[in-house]
Amino acid sequence: MTFFSKKIKQDDETQRNGARLITFTEPKNIISEQFRTVKTNIEFAGAALDKLQVVMFTSAEISDGKSTVAANIAITWAQAGKSVLLVDADLRRPTAHSTFDIPNTRGLTSILASDMQPKDLVRETFVPNLSVLQAGPVPPNPAELLGSKRMTALVNWMRNNYDMVVLDVPPVMAVTDAQVMFKLVDGIVLVTTIGKTLKANLKRTVETISLTDAKVLGCVERVKDKSNDAGYGYGYGYGYE
């Protein structure tokens, strides 16, 4: 697989307007079928694990499309009949509240910084079988909250209440938030954008993950044309060659 060097440009569209839920709005679209194929491949990759229940979606850089991929893969699991919880753990650039049109006055940060209970903040969505936990107010110490014992307890609660948990976390190269959560998940999916994601950053991301016990399930490659997403692919090439 080939990755092109290009100056990183921050794209705030998803943060402003939410992710495009094409798997829900256009289930027969070819991109929706690609997302279902990605879901199946993630399950195949996780078959060798003791369990595949909590899956982290991250990227090397910002604006690689991880939130869009995480939300749509969560929907495909929900459409397959599983009870799914999508957690917006990107406390710096949250998107789930915009995607599902819910207030972000309370959420994950409220649980981690107080004695609020998840059952009181998790919301059902317009997608059957899919619930969401929005990020909540942006805290001054995101990494400390995500690496806390309370976060560990929260993930255990999620395991006991949902078939699948999808964690949307910040890019690995940008901040340490994702790294402090590696130990909590069963597998990690990396999202890249062809023609944007820098090969060196992707390689460093894989190397960072390899220093832990975390399992990389694969890489979702996002292709964009001038107007919108043009397609998604899945594989194990990380741009080393």
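The values are calculated or read from the model by the stated rules, or taken from the named source; none is laboratory data. Quick caveat: nothing in here was measured; it's all calculated off a predicted structure. Backbone-built Cβ (ideal geometry, glycine too); neighbour counts: all protein chains shown.
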Residue selected from the stretch 140-154 under the condition touching a Leu at 6+ places or on another chain (Cβ under 8 Å) and crowded, with 18+ Cβ neighbours inside 10 Å, by the criterion nearest to Val206 (Cα to Cα): Leu146
Any hit, the stretch 125-132, residues being within 30 Å of Thr25 (Cβ to Cβ), in a loop (DSSP other than H, G, I, E, B), at pLDDT below 90 and touching a Lys or Arg at 6+ places or on another chain (Cβ under 8 Å): no
Condition check for Ala45: of a type in the set (A, V, I, L, M, F, W, C), closer than 19 Å to Val175 by Cβ, in a helix (DSSP H, G or I) and in contact with a strand residue (DSSP E or B) (Cβ under 9 Å, 6 or more places away or on another chain): no
Subset of the stretch 85-124 (residues that are within 26 Å of Gly65 (Cβ to Cβ), polar (S, T, N, Q) and not in a helix (DSSP H, G or I)): Thr95, Asn104
Any pair with Cβ under 7 angstrom, 6 or more apart, that starts in the stretch 200-224 at a residue that is farther than 22 Å from Val54 by Cα and ends at one that is exposed (fewer than 15 other Cβ atoms within 10 Å of the Cβ): Lys203/Tyr240; Val223/Ala230; Val223/Gly231; Lys224/Ala230
Among (1) of a type in the set (A, V, I, L, M); (2) closer than 30 Å to Val206 by Cβ; (3) crowded, with 22+ Cβ neighbours inside 10 Å, the one test that Ala48 misses: (3)
Number of the condition not met by Asp115 [criteria: (1) of a type in the set (D, E, K, R); (2) crowded, with 23+ Cβ neighbours inside 10 Å; (3) without any contact (Cβ under 8 Å) to a residue 24 or more places away in the chain]: (2)
Number of the condition not met by Arg106 [criteria: (1) without any contact (Cβ under 8 Å) to a residue 60 or more places away in the chain; (2) of a type in the set (Lys, Arg); (3) crowded, with 21+ Cβ neighbours inside 10 Å]: (3)
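Can you tell me how many residues within the stretch 34-45 are out of contact with any helix residue (DSSP H, G or I) (no Cβ under 8 Å at 6 or more places or on another chain) and either buried (at least 19 other Cβ atoms within 10 Å of the Cβ) or within 13 Å of Ala80 (Cα to Cα) (or both)?
Total meeting the criteria: 4.
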Residue list for the stretch 48-84, restricted to those being closer than 17 Å to Val216 by Cα, in a strand (DSSP E or B) and among the β-branched types (Val, Ile, Thr): Val54, Val55, Thr58
